[in-house]
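Trainee: Mind having a look at this structure? Questions to follow.
Every number in this text was worked out from the coordinates using simple rules, so none of it is lab data. Quick caveat, the model's predicted, so the values are computed rather than measured. Every residue, glycine among them, receives a Cβ derived from its backbone with ideal geometry; neighbour counts consider all protein chains shown.
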Amino acid sequence: MESFYNNNRKIAVIQNSSVADYEGFKDADISEIKSKDNFIPALVLEGSDNESLSDYSNVNKMAIVGEKSDFNDSSLIDDNTYLVIEPNNRSAVRKLRNSTDLLVEMHDQFNKQDRNVDYLSKTDELFSTEHLYYKEDGYYGFSDYSIIGSDYSSAGFAAKAVAIHLVYFDENDELRVHHFVSDSNDNIQNPALKAHEALEKLIKFVSNPSFDKTKNDSEALREFEELYKIDKYSGLGYIKKLSIKHHFEIMGRYLDKD
């Protein structure tokens, strides 16, 4: 949050998470950051009994309306509210889309597999083209769940295979995702080796001249390269964070030039 503030970037943080234990930020420093104009309190709205956006005095607020949400009260959405909405919620779209100009579409673009080893059947696939067409579709912005997907799970498990997912721009500026899967996938032993095998494939992929570094270079890629160079296993959670960081970096650069 402090990094967003120091770089004059807006950041929205969900205040009423229902999928994990989350009580917000309580200390004084964070409270000060939350009072800044670049901080956007976000609420997931499910029905009529929601925490009110009017409880927050920030310049901008964000309402998130998912596919199964029953929320449709346009009187609670004003011109300073970002309305992030799943287009498949046709009822909400019809009733809410004219309540604000800050309408943002929300899609789950990640083709999540049941097992990591299943990504071997299709190691490279289209991720998204929403960034190319969202304005034509009448939206102010677009959003997705990066390489996590919309199905949230706080519990980890020992997998036979390790998969690293990397989003990148192709020659047509479409977003694709490449899946790098380990080779030693017969059992759950030695996750560090599995991670190294997957990371080696990633390094070879991004080192290929066909990989456009102008569009796809990132600090996260350099961290991946350093992990591979020193052969350090920092855990699968850290690897996933780097994949998300890379996605943020290349998309941020793309939008900055738009």
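Trainee: Sticking with the crude label model, points 7 Å out along Cα→Cβ, report the distance from Tyr140 to Asp173 in nm, one decimal please.
Mentor: For Tyr140 paired with Asp173, the spin-label model returns 2.2 nm.
Trainee: Next question. From the phi of every residue in region 242-252, what ³J(HN,Hα) in whole Hz does the Karplus formula 6.51 cos²θ - 1.76 cosθ + 1.60 yield, where θ is phi - 60° and glycine or proline is x?
Mentor: Each residue's phi maps through the Karplus curve to give 5, 4, 5, 4, 4, 4, 4, 5, 6, 6, x Hz.
Trainee: For the chain, what does the convex hull of the Cα positions come to per residue, in cubic angstrom?
Mentor: Value for the chain: 152 Å³ per residue.
Trainee: For Phe127, which sequence-distant residues (separation of 5 or more, or a different chain) have an amide H within less than 5 Å of its own amide H, given hydrogens modelled in the peptide plane?
Mentor: Excluding prolines and chain starts, which carry no amide H, the hits are Leu175, Arg176, Val177.
Trainee: If you don't mind, another one. Could you give the length gained by full extension between Glu225 and Tyr133, i.e. 0.36 nm per residue of separation minus their alpha carbon distance, to one decimal place?
Mentor: Fully extending the segment from Glu225 to Tyr133 adds 29.8 nm.
Trainee: What are the GluC sites (Glu not before Pro) within region 94-147 that DSSP puts in a loop, where the Cβ has at most 14 other Cβ atoms within 10 Å?
Mentor: Within region 94-147, the qualifying GluC sites (Glu not before Pro) (loop, at most 14 other Cβ atoms within 10 Å) are Glu136.
Trainee: Exactly which chymotrypsin sites (Phe, Trp or Tyr not before Pro) in region 150-190 are in a DSSP loop and have at most 14 other Cβ atoms within 10 Å?
Mentor: Counting only loop positions with at most 14 other Cβ atoms within 10 Å, the chymotrypsin sites (Phe, Trp or Tyr not before Pro) in region 150-190 are Tyr152, Phe157.
Trainee: Let me ask you something else. Which residues in region 131-174 have a backbone N closer than 15 Å to a point placed 7 Å from the Cα of Arg97 along the Cα-to-Cβ line?
Mentor: Within reach of a label on Arg97: 134-142.
Trainee: Here's another thing I want to ask about it. Fewest first, what order do Lys194, Lys135 take by the number of other Cβ atoms within 10 Å?
Mentor: Lys135, Lys194
Trainee: Mind checking the full-extension length gain between Ile14 and Leu255? Use 0.36 nm per residue of separation minus the Cα-Cα distance, one decimal, nm.
Mentor: Result for the pair: 84.5 nm of gain on full extension.
Trainee: Angle between the Cα long axis of helix 219-230 and the longest principal axis of the chain, 0 to 90 degrees, nearest 10?
Mentor: Approximately 30 degrees, to the nearest 10.
Trainee: Return the FRET efficiency for the residue pair Glu32, Ser54: r is the Cβ-Cβ distance, R0 is 35 Å, and the value is rounded to the nearest 0.05.
Mentor: Rounded to the nearest 0.05, the efficiency is 0.95.
Trainee: Right, next: Taking θ as phi - 60°, what are the ³J(HN,Hα) couplings along region 94-103 by the Karplus curve (6.51, -1.76, 1.60), each to the nearest whole Hz, with x for Gly and Pro?
Mentor: 4, 8, 10, 5, 8, 7, 7, 7, 8, 8
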